[in-house]
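**Student:** My questions will all concern the structure given below.
We did not get these values from a lab; they are worked out from the coordinates using the rules stated. Quick caveat, the model's predicted, so the values are computed rather than measured. Cβ sites come from the backbone with ideal geometry, for glycine too, and all protein chains shown count toward neighbours.
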Amino acid sequence: MSLSPPLTKFAGDHTNYHFDVAAPYLEMALDVFAQFFIAPSFTETATDRELNAVDSENSKNLQADEWRTNQLLRSHSNPNHPFHKYGTGNLQTLKEIPNSRGIDTRQKMKEFYERHYSANIMKLVVLGTESLDCLEQIVRDKFQSIPNYDRSVHVYNVSPFPRTHTMQSIFSVPVTDTRTLVVMFPCPSSVKTYKTKPEHCVAHLIGHEGSGSLLSHLKAQLWANTLTAGLVPISADEALFSVSIGLTELGVKEWQEMVVVIFQYIALLKHAVTNNRVALESICEELRVMDTITFRYKDKAQPFNCVIKLASQLQVFPPEEVWSASYLMTPNMDHISQLLDLFTPETLIVQISSKQFDTIATTVEPHYQTRYLSQPLQPELVDRLRKVTLLEALRLPEPNDFIPTKFDLMSATECDDVTGGTDIPSKVINDDDIQAFYLPDTSFKTPKASIFLELSSPEVYVSPTASVTSALFSRLVSDSLVEYSYPAEIAGVTYLVSHQSLGMNVLAAGYNDKLTLLVQKIIEKIRDCSIRTEQFSRVKEQLQLEYDSFSTQPPTQLGLFTRSHLTETPRWHINQYREAVTGVTIES
């Protein structure tokens, strides 16, 4: 169950309150829950308890790079916009500083409640086992007394990133030994264009990983390992379009060249809108088709997560479309063009995070103590970005052959013919080298399947060096498959190649129609994997970084690893992996 008033608590521009309870106690729990909004007491003890909870929550995030870089971005935004404020808060900002200035935090909370918590701008979602009529009556009885002050949702009249706060680069030192380049452009949120989804189309193209893609070119230059693109919401009206790249050590040094290449890909998209419109429309149509298929065969969501999402979406979508709004899509080339026109050097914001900036990052962000250096983009770079031309290595994605077209399900009779009417997998291959089992299952009535392969070999874990070599090989197989498998991922077919103590595992799952095509390619790649020297160096460097950064993981993860190391035999230690990886070569 979820209630969602539309104001910021920790992020975004609405607060989402939610809980779950055993079904027989729903009405009783709703009665208690409703009183929080009908007649909140705001007692001094409850206020202090909540302030301590916020402080505790904030403390656990102080060493998390995601929170640190987010606050650093906030501190470089427009001071007149709420996004500039501290994203969470602590005892100092919420209690000690206000008290020193004669401000009563408890009174401010009451004023905030009266100003923003009004029934006419709140949304409620309740999921229970009762009938719809019964649930409606319970809600009416319990929530009708929430005050209605006839408020309107707050509208911000200033931009979080006006031109005075763009064309800047921010260099920071992370806690973990990671390297990241984030390129951002301020843009409107997706609320008004949710039916055409231009940001979805553009993010799909920039974030593509197939042949001719931006990431494929960056990998070929040994600059990057990963790339993601998409919209980062700020408020109901504002957002940032973000391109985030996981860098190699060389990529940190060549970050300006990478920004130029990003602008060259943006130039390709702008060119396609007017000169290659048919191809661009075809790509967007593939996205529309897959969104429709995904909605039609969507797995059943967890009730708790379902009500949280629906309550938030009711703030921006009409009730009749709240289930489907995320999947509705009628591509519009004009909307795509308008979005791309916002991606200019004048609106550019660049964030770069690496340990290599340790000597130049001398300014300290006050809340997370992140060391950073910010400066305007160099005029030479800006001039290059204004004059970019098309790069031959970059091109639009090819048609996606993995999009499923067959959705037939096996009948119960067909299943019984295979299984003999039991729910025990049938052994369909049984010889000295291979054993294969098959179990048809139509319980969920979706045209999906899973294939699990276990390639057994005791040699992969006989020593730390063997284990590291196996881990590297698994990653190299996956890396070699990216350009082939990425279209499959878009089409709802995913896979994972991993190494275990007894060998290598392959898990592939998704729409049954094209699943075996991907599995066959994976097997071929494992058998005939051709590893390039530069590819090996890049993947090995990434694995070394993970080993070196292991000690910065949350205490729970470190505790679980230590427990496994102490209770399992054999179980190699991370320090042994760190030492072994340096000696692994491409010949290994």
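**Student:** Could you tell me which of Leu268, Thr248, Ile283 has its Cα farthest along the dipole of the range 230-292 towards the positive end, charges placed at Cβ (Lys, Arg +1; Asp, Glu -1), taken about the Cα centre?
**Tutor:** Sorting the options by dipole projection puts first Leu268.
**Student:** May I ask you to order 576-587, 308-319 by the average number of other C-beta atoms within 10 Å around their residues, highest value first?
**Tutor:** 308-319, 576-587
**Student:** If you build the Cα gyration tensor of the range 200-262 and take the root of 5 times each eigenvalue, what three semi-axes come out, in whole angstrom, biggest first?
**Tutor:** Semi-axes (√(5λ), whole Å): 23, 14, 8.
**Student:** Follow-up question, since we're still on this one. Please report, largest first and rounded to whole Å, the three semi-axes of the ellipsoid equivalent to the range 352-472, where each semi-axis is the square root of five times an eigenvalue of the C-alpha gyration tensor.
**Tutor:** 54, 28, 19
**Student:** Under 15 Å from a point 7 Å along the Cα-to-Cβ line of Tyr297: which residues of the range 402-420 have their amide N that close?
**Tutor:** Once the point is set 7 Å along Cα→Cβ of Tyr297, 402-411 turn out to lie under 15 Å by backbone N, inside the range 402-420.
**Student:** Using θ = phi - 60° and the Karplus curve 6.51 cos²θ - 1.76 cosθ + 1.60, what whole-Hz ³J(HN,Hα) does each residue of the range 421-430 get, with Gly and Pro shown as x?
**Tutor:** With coefficients 6.51, -1.76 and 1.60, one gets x, 9, 9, 9, x, 8, 7, 9, 9, 8 Hz.
**Student:** Mind ranking 324-333, 92-101 by how tightly packed they are, going by the mean number of other C-beta atoms within 10 angstrom, highest first?
**Tutor:** By packing density, highest mean first, the sequence is 324-333, 92-101.
**Student:** Please give the peptides 213-224, 427-438 ranked by average Cβ packing (other Cβ atoms within 10 Å per residue), highest first, as a rough proxy for protection.
**Tutor:** Top of the packing list down: 213-224, 427-438.
**Student:** Ok, one more. To two decimal places, what compactness ratio does the range 439-483 give when its Cα radius of gyration is scaled by 2.2 N^0.38 Å?
**Tutor:** 1.74
**Student:** Report Rg (one decimal) and Dmax (nearest whole number) for the range 139-183, counting Cα atoms only, units Å.
**Tutor:** For the range 139-183, the Cα radius of gyration and maximum Cα-Cα distance read 22.1, 55 Å.
**Student:** Could I ask something else about it? Going Cα to Cα from Lys253, which aspartates and glutamates come in below 18 Å? Please leave out same-chain ones fewer than 8 positions away.
**Tutor:** Of all the aspartates and glutamates, those that pass the test against Lys253 - Cα under 18 Å, at least 8 places apart if same chain - are Asp177, Asp358, Glu380, Glu534, Glu541.
**Student:** If I take every Cα pair under 8 Å that is 6 or more residues apart in the chain, average their sequence separation and divide by the length, what percent do I get for the relative contact order?
**Tutor:** RCO, the chain: 16 percent.
**Student:** Multiply the residue separation of Ala22 and Arg563 by 0.36 nm, subtract the distance between their alpha-carbon atoms, and state the gained length in nm to one decimal.
**Tutor:** Taking Ala22 through Arg563 to full extension adds about 191.4 nm, to one decimal.
**Student:** For the pair Glu524 and Arg115, what calculated FRET efficiency results from E = 1/(1 + (r/R0)^6), where r is the Cβ-Cβ distance and R0 = 41 Å, to the nearest 0.05?
**Tutor:** Once the sixth-power term is evaluated, E becomes 0.05.
**Student:** With n ≥ 4 as the cut-off for DSSP H runs, can you work out [θ] at 222 nm for the chain, using -39500 (n - 2.57) per run divided by the number of residues, rounded to the nearest 500?
**Tutor:** The helix contribution divided over the chain gives -13000 deg cm²/dmol.
**Student:** Now for a different question. Please list the non-local residues whose amide H lies under 5 Å from the amide H of Gln500, H modeled 1.01 Å from N, same-chain partners needing a gap of 5 or more.
**Tutor:** So Gln500 has HN proximity to Asn505.
**Student:** Report the charge-dipole magnitude of the chain in Debye, nearest 20, computed about the Cα centre from +1 at each Lys and Arg Cβ and -1 at each Asp and Glu Cβ.
**Tutor:** Around 1520 debye, computed over the chain.
**Student:** Ser457 versus Thr494, label points 7 Å from Cα toward the beta carbon: distance in nm?
**Tutor:** 2.7
**Student:** Among the listed pairs Lys309/Lys406; Lys445/Lys514; Lys195/Lys309; Lys195/Lys298; Lys197/Lys309; Lys195/Lys387, which have their C-alpha atoms separated by more than 23 angstrom in this model?
**Tutor:** As for pairs spanning more than 23 Å Cα to Cα, those are Lys309/Lys406; Lys195/Lys387.
**Student:** Also, I was wondering about something else. Please turn the phi angles of the range 297-302 into ³J(HN,Hα) values with the Karplus equation 6.51 cos²θ - 1.76 cosθ + 1.60 (θ = phi - 60°), one per residue in order, whole Hz, x for glycine and proline.
**Tutor:** After applying 6.51 cos²θ - 1.76 cosθ + 1.60, I find 10, 5, 5, 5, 7, 5 Hz.
**Student:** Sticking to Cα atoms, compute the Rg of the chain to one decimal and its Dmax as the biggest Cα-Cα distance, whole number, in Å.
**Tutor:** 26.8, 81
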